[in-house]
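Structure first, then comments.
The values are calculated or read from the model by the stated rules, or taken from the named source; none is laboratory data. Just so it is clear, the model here is predicted, and its values are computed rather than measured. Here the Cβ positions follow ideal geometry from the backbone for every residue, glycine too, while neighbour counts run over all protein chains shown. The area values use the complete protein model at the heavy-atom level, side chains included, leaving out ligands, DNA and RNA. Shrake-Rupley method; radii C 1.70, N 1.55, O 1.52, S 1.80 Å.
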Amino acid sequence: MPFDTRILSGVSVLAAVVESGSFVKAAELIGITDSGVSRAISRLEGRLGVRLLDRTTRSVTLTDEGRRFYEEVRPHLNAIEDAALIASGSASAVRGRLKVDIDPFFLPLVLAGRLGTFCERHPDLSIEFVTREHVGDLVAEGIDLAIRFGQPRFATLVARKLIEAPILTVAAPSYLERYGHPEHPRDLITHRCLQFLDPYTGHPFEWEFVRGDETIDVPTTGPLTFTDPKSMLQECIAGTGIAQVIGWGIGEALARGSLIDLFPDWHGERFPLFAFHPSRKHLPAKVSAFIEFCAEITMAIERSAPTTT
């Protein structure tokens, strides 16, 4: 059976719809009309004999058959893009659109306020951030890169550890005035501790403390459990309870006295930050540039934060 080149054209339109999330945005992305996108998808579905997309007035999502098909063809589209970049001599150009699945702590508390520098360096690149509890299907959702805390759980993705972040146990002065200052991590058993949910287990993270070669696990309880780190931090500052947080995002709060580091001798626990991306022979320059920027920012914060060492 000879290859139908019109399928390749339809797949390109499908990729634009998946990556942009709508027919209207896909049309803008590839420079055709909305109706042209709709006709291209309909023709592709007709040639394949399956429905690829579920369409409502508010959303466009892949069907099960569409997801399987897209997961198979997306790597080949990536390879074509790579080959085109190499052939044009612009493989090192940082431009186009970058879609990043980003950790809900890392974006608002570490990167926010610093992204302008990256935009100035690469004016031909636009970035879309996706923030949620855990990493989704990068290929099916057209995501180029994920920046996440925690150990790798994705066998199909390439993982690069950028740095290890310190974990601090903190409380507001108002909390300590009301409930007292714990002298040792084990004292937390009787304190109000704000819990943070591990999206992969469905249970709160365990509280671990490391000092040199000594490691202890402390069972904690508290009135609130969070999936949003920024909200947990705000409640901690308000005096609701004690929290364990990544040290990078609280330097200003520590400096102005809004938060107190309870156990400065127990800073040995570290939480790794990883960059994940689909396996590709040629990593796009835009992906490499953003990974290096994140590594640059985190290392600069680490060097300038003596309280986290």
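Restricting to the stretch 21-47, and then to whatever is in a loop (DSSP other than H, G, I, E, B), over 24 Å from residue 138 (Cβ atoms) and of a type outside the set (Ser, Thr, Tyr), can you tell me which residue is modelled with the highest pLDDT? Before the answer, list the steps.
Our first condition is that a residue be in a loop (DSSP other than H, G, I, E, B); within the stretch 21-47, this holds for 21-22, 31-33.
From the residues that got through so far, the ones that are over 24 Å from residue 138 (Cβ atoms) too are 31-33.
Then keep just the ones that are of a type outside the set (Ser, Thr, Tyr); that gives 31-32.
Values: 31: 81, 32: 84.
Ranking the qualifying residues of the stretch 21-47, first place goes to 32.
Note on the stretch 99-114: residues that are in contact with a Leu (Cβ under 9 Å, 6 or more places away or on another chain) and more than 21 Å from residue 152 (Cβ to Cβ) amount to 1.
Mind listing whichever residues of the stretch 260-285 are outside any strand (DSSP E or B) and surrounded by 21 or more Cβ atoms within 10 Å (Cβ to Cβ)? Give the derivation first.
Initial filter on the stretch 260-285 (outside any strand (DSSP E or B)): 262-269, 279-285.
If the condition is that a residue be outside any strand (DSSP E or B) and surrounded by 21 or more Cβ atoms within 10 Å (Cβ to Cβ), then 262, 266, 284 are the ones that fit.
Please indicate, with yes or no, whether at least one residue in the stretch 255-271 is in contact (Cβ under 8 Å) with a residue 60 or more places away in the chain, at positive phi and in contact with a Phe, Trp or Tyr (Cβ under 8 Å, 6 or more places away or on another chain). No, that holds for no residue.
With a requirement of 2 or more residues that are open to solvent by 30 Å² or more (accessible area, probe 1.4 Å), the strands (runs of 3 or more DSSP E) lying completely within the stretch 151-259 that satisfy it span 157-171, 207-211, 214-218.
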